[in-house]
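**Student:** Dumping the structure here so I can ask a few things about it.
Laboratory data are not the source of any read-out in this text; all were calculated from the coordinates shown. Given the structure is predicted, the values throughout are model-derived calculations rather than measurements. Quick reminder, even Gly has a Cβ in these numbers, built from the backbone with ideal geometry, and neighbours come from all protein chains shown.
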Amino acid sequence: MAGTITLRKSAAGTPVRLATGESTAVRWLLIGISLTFLTLFLFLPLAAVFVEAFRKGVGAYLQSFNDPAAYAAIRLTLLVTAIALPLNLVFGLAASWAIGKFEFRGKQLLITLIDLPFAVSPVISGLIYVLLYGIHGWFGPWLAERGIQVIFAVPGIVLATIFVTFPFIAREVIPLMQEQGTEEEQAAITLGASGWQTFFRVTLPNVKWAVLYGVILCNARAMGEFGAVSVVSGHIRGKTNTMPLHVEILYNEYNFVAAFAVASLLALLALVTLVLKSLIEWRTRVQHDQEEPS
Amino acid sequence: MKATRNVFRLFSLFAAPLLAFSTLTATGCGSSDASESDVVKLLNVSYDPTRELYKEFNEAFAEYWKKKTGQTVQIEMSHGGAGKQARAVVDGLPADVVTLALAYDIDAIGEKTGYIPADWQSRLPNNSSPYTSTIVFLVRKGNPKNIRDWDDLVREGITVVTPNPKTSGGARWNYLAAWAYAREKYGSEEAARDFVTRLFRQVPVLDSGARGSTNTFVQRGIGDVLLAWENEAFLAVNELGPDKFDIIVPSVSILAEPPVTVVDHWAKTHGTTEVAQEYLKYLYSPVGQRVVAKHYYRPVHPEHADPADMKRFPQVRLITIDEAFGGWQKAHAAHFADGGTFDQIYSP
């Protein structure tokens, strides 16, 4: 205990300059490069979205949302997210529970498969569903006979969104579960807890911040996905256009203020995501620090 | 008990926003379902530059239809490159009517799906084209590179913007107009091929649809000249500032006939055959023709259009696809099919 305290003190007391051995000039240069890069590639484009959105004043900005097609796009985006997110939550938890707590053959294969959507281009993610559920696809004729429309309708958009976003939650939770090991679960079972009790009382509380973190990332991507959704959407105005697709349509109709107004909503979502993400990281750190002394 | 409470707390974190979403969506759907019975929906799958035209025409038709039958008609629009749109209908996009850039794309839908009979083009007057258009050049204001005719496009140092003929109907008209011009002027297929090859060497970017190309030229400022639909060129000039662009009319261009037809299979499935047919017929009516001319498409019945609108169309000699290429089937097979002339001459 005493040892740790001395170590911490000396780390805090030592000037960083000596510790890294870099000169002030190098440090300022590195900071300068990073800041320039961030400004040019991240901050300016984000600022441009808001500048363009408000170019013709607040009235024109608000007017952009007073359009049934914009309203429909926002509603569809929320609907798709509301379906994709809980499903991916269940899937992510199931997959990470299986991978983190159990030993079985083909585990590595399962982890690789979960990563697949990250590796595949979104356009391909959309096209595979056209090949499967399109009217001439594998299941298309069967579905068509029953009057079920998947591609170029809401179900197709939901499928494509789920595919693109399903690694997010699993990817956040798996490493944590693996790191935590199975001791606590074994103890719970030894004390007579059932499987569900173990999951809800031991496993889930341990990973809840990671789960929330995954949910937020998943949510952001689900709302913002363009490529895969574009392929399966059919671009029917007011019906199968999500917000990102609606932005493209407005831009192509020379309606720049409205295009950037809708884009600013998506940008706001990104900012909210960032804030929540930092909040969760901070919470996790606080929790971690609290746990450490004991 | 404590555990259940924890679980509840954890899930309420996720559930609250989700619940809000679903209520929002549920109430939204509910309100539109209420009046479903006396509303008929029509999906019009169209090509890129017709957005403004159909926006106004749909309102006019809805009013006409309400007056005539008492029924409310809601027309849903989908826009994109004509080839891409045709592909979507082939893959199952349930269009009641298609209004595309050229006959070949509608032929392709019919051939691949059987949803449209082979004689579709004779079902409406004027080869089922209620309006025509042509290909013109859009240049920067004052025409700084002095572009007057097709020959100027292949001059050293001129960059030309056109969409991809593989996906865009407009681009195919561009390509064939250039080909027809060169063949007429230089007298042989080889010379025409050579001319079009040189033309596409000047193209820095191929967008997938006409509207994408216009944005490339207008918004991103790429290129000295845009090969554009006449209506698209007028729209760019009038929407984005007459002080920025000039329209140049070449000595000869092509008569573009964008056709329309009912997709029988889907109209029958949706029970919309009658309203779909009336919708397309209305394009030929005095009201339809007036709207068409207003949006810079050349009406097939100029007498119904506003004379002021008609004055905007420049006189230009137009070659037809039938006389120059023996129809779309032949033109497509020779030029745009896989391994056709375009594939041979174009390498990015």
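**Student:** Starting at 0 and stepping by 5 Å, how many percent of the alpha carbon pairs of the range B:49-163 end up in each bin?
**Tutor:** 2, 8, 14, 15, 15, 14, 11, 8, 6, 3, 1, 0, 0
**Student:** When only alpha-carbon atoms count, how far does the range B:131-200 stretch along each of its three principal axes, as whole angstroms with the largest first?
**Tutor:** The Cα atoms of the range B:131-200 stretch 34, 30, 21 Å along the principal axes, largest first.
**Student:** Can you list the residues, at least 5 places off or on another chain, whose amide H is less than 5 Å from the amide H of B:I254, using H built in the peptide plane?
**Tutor:** B:I135, B:I319
**Student:** Given a Förster distance of 41 Å, report the FRET efficiency between A:S121 and A:V51 from their Cβ-Cβ distance, rounded to the nearest 0.05.
**Tutor:** Values: r = 31 Å, r/R0 = 0.76.
The calculated FRET efficiency here is 0.85.
**Student:** Which peptide among B:98-107, B:121-130, B:337-346 comes first, and what is the full order, when sorted by highest mean count of other Cβ atoms within 10 Å? Walk me through the numbers on the way to the answer.
**Tutor:** Values: B:98-107: 25.9, B:121-130: 17.5, B:337-346: 14.3.
Listed from highest to lowest mean packing, they are B:98-107, B:121-130, B:337-346.
**Student:** Could you work out the percent of alpha carbon pairs in the range B:110-261 separated by over 22 Å, rounded to a whole number? Could the numbers behind the result be given before it?
**Tutor:** On the way: 4899 of 11476 pairs.
Everything past 22 Å amounts to 43 percent.
**Student:** Please express the shape of chain B as an equivalent ellipsoid: the semi-axes are the square roots of 5 times the eigenvalues of the C-alpha gyration tensor, given largest first in whole angstrom. Please report the intermediate quantities before stating the final value.
**Tutor:** Working: eigenvalues 320, 140, 90 Å².
Semi-axis lengths for chain B are 40, 26, 21 Å.
**Student:** Measure off 7 Å from each Cα along the Cα-to-Cβ vector at A:L62 and A:S23, then give the distance between these two points in nanometres to one decimal.
**Tutor:** 5.8
**Student:** Taking the Cα-to-Cβ direction at B:A118 and at A:D289 and moving 7 Å from each Cα, how far apart do the two end points lie in nm?
**Tutor:** Distance between label points: 8.0 nm.
**Student:** Residues of the range A:249-285 with backbone nitrogen within less than 13 Å of a virtual label 7 Å along the Cα-to-Cβ line of B:L240, please, listed as ranges.
**Tutor:** Residues A:251-256 fall inside that zone.
**Student:** Measure out, as a whole number of angstrom, how far apart the alpha-carbon centroids of the range B:121-159 and the range B:290-313 sit.
**Tutor:** Answer, in whole Å: 18.
**Student:** How large is ³J(HN,Hα) for each residue in the range A:203-214, as worked out from phi by the Karplus curve 6.51 cos²θ - 1.76 cosθ + 1.60 (θ = phi - 60°), to whole Hz, x for Gly and Pro?
**Tutor:** 5, 4, x, 5, 10, 4, 6, 5, 4, 4, 4, x
**Student:** Now, a different point. Under the Karplus relation 6.51 cos²θ - 1.76 cosθ + 1.60, θ = phi - 60°, what is the ordered set of whole-Hz ³J(HN,Hα) values for the range A:65-81, x standing for Gly and Pro?
**Tutor:** Each residue of the range A:65-81 in turn: 8, 8, 9, x, 5, 5, 4, 4, 5, 5, 4, 5, 4, 5, 4, 4, 5 Hz.
**Student:** Can you order the peptides A:123-132, A:270-279 by their average number of other Cβ atoms within 10 Å per residue, highest first? Provide the component values of the computation, followed by the final result.
**Tutor:** Values: A:123-132: 18.5, A:270-279: 13.3.
Ranked from most to least packed, the peptides come out as A:123-132, A:270-279.
**Student:** Using a Cα-Cα cut-off of under 28 Å, which lysines could be cross-linked to B:K66, ignoring same-chain neighbours fewer than 8 residues away?
**Tutor:** Qualifying lysines at Cα under 28 Å: A:K239, B:K41, B:K55, B:K268, B:K281, B:K294.
**Student:** Does chain A come out rounded, prolate or oblate by the C-alpha gyration tensor, with a ≥ b ≥ c the root eigenvalues, rounded set by a/c under 1.5 and, if not, prolate when a/b is larger than b/c and oblate if not? Each step should come with its number before you reach the end.
**Tutor:** Working: a/c = 2.35, a/b = 1.23, b/c = 1.91.
Oblate shape, in that a/c is at least 1.5 and b/c is the bigger or equal ratio.
**Student:** Could you sort the peptides A:254-261, B:154-161, B:253-260 by per-residue average Cβ neighbour count (10 Å cutoff), highest mean leading? If you can, show how the numbers build up before the last one.
**Tutor:** Details: A:254-261: 20.9, B:154-161: 15.5, B:253-260: 24.5.
Peptide ranking by packing, descending: B:253-260, A:254-261, B:154-161.
**Student:** After finding the eigenvalues of the alpha carbon gyration tensor for the range A:184-288, what semi-axes result from the square roots of 5 times each, listed largest first in whole Å? Walk me through the numbers before you get to the answer.
**Tutor:** Numbers: eigenvalues 356, 63, 10 Å².
Over the Cα atoms of the range A:184-288, the ellipsoid semi-axes are 42, 18, 7 Å.
**Student:** Cα gyration tensor of the range A:49-158, axes a ≥ b ≥ c as square roots of the eigenvalues: rounded (a/c below 1.5), prolate (a/b > b/c) or oblate? Display every interim value, and only then the final one.
**Tutor:** Working: a/c = 2.59, a/b = 1.51, b/c = 1.71.
Oblate.
**Student:** Please give every one of the lysines within straight-line cross-link reach of B:K112, meaning a C-alpha to C-alpha distance under 16 Å, and leave out same-chain neighbours fewer than 8 residues apart.
**Tutor:** Within reach: B:K84.
**Student:** Here is a follow-up. Taking 7 Å along the Cα-to-C-beta vector as the label spot, tell me the B:T69-B:S347 distance in nanometres, rounded to one decimal.
**Tutor:** Spacing of the two 7 Å Cα→Cβ label points: 5.6 nm.
**Student:** Here is a follow-up. Calculate how steeply helix B:169-186 sits against the longest principal axis of the alpha-carbon atoms of chain B, using the helix alpha-carbon long axis, and give the answer as 0 to 90 degrees to the nearest 10.
**Tutor:** It works out to around 10 degrees.
**Student:** I've got another one for you. What are the ³J(HN,Hα) couplings of the range A:130-136, residue after residue, when phi is run through the Karplus curve with 6.51, -1.76, 1.60 and θ = phi - 60°? Round to Hz, x for glycine and proline.
**Tutor:** In residue order, the calculated couplings are 5, 5, 7, 10, x, 4, 9 Hz.
**Student:** While we're on this one: For helix B:2-33, report the angle its Cα long axis makes with the longest principal axis of the Cα atoms of chain B; keep it between 0 and 90° and round to the nearest 10°.
**Tutor:** 60
**Student:** How big is the gap, in Å, between the Cα center of the range A:186-213 and the Cα center of the range B:314-348?
**Tutor:** Centre-to-centre distance over Cα atoms comes out at 68 Å.
**Student:** Quick one: putting +1 on the C-beta of Lys and Arg, -1 on the C-beta of Asp and Glu, what dipole do you get for chain B around its Cα centre, in Debye to the nearest 20? Intermediate values should be presented prior to the final figure.
**Tutor:** Values: 37 positive and 41 negative charges, 209 e Å.
I would put it at about 1000 debye.
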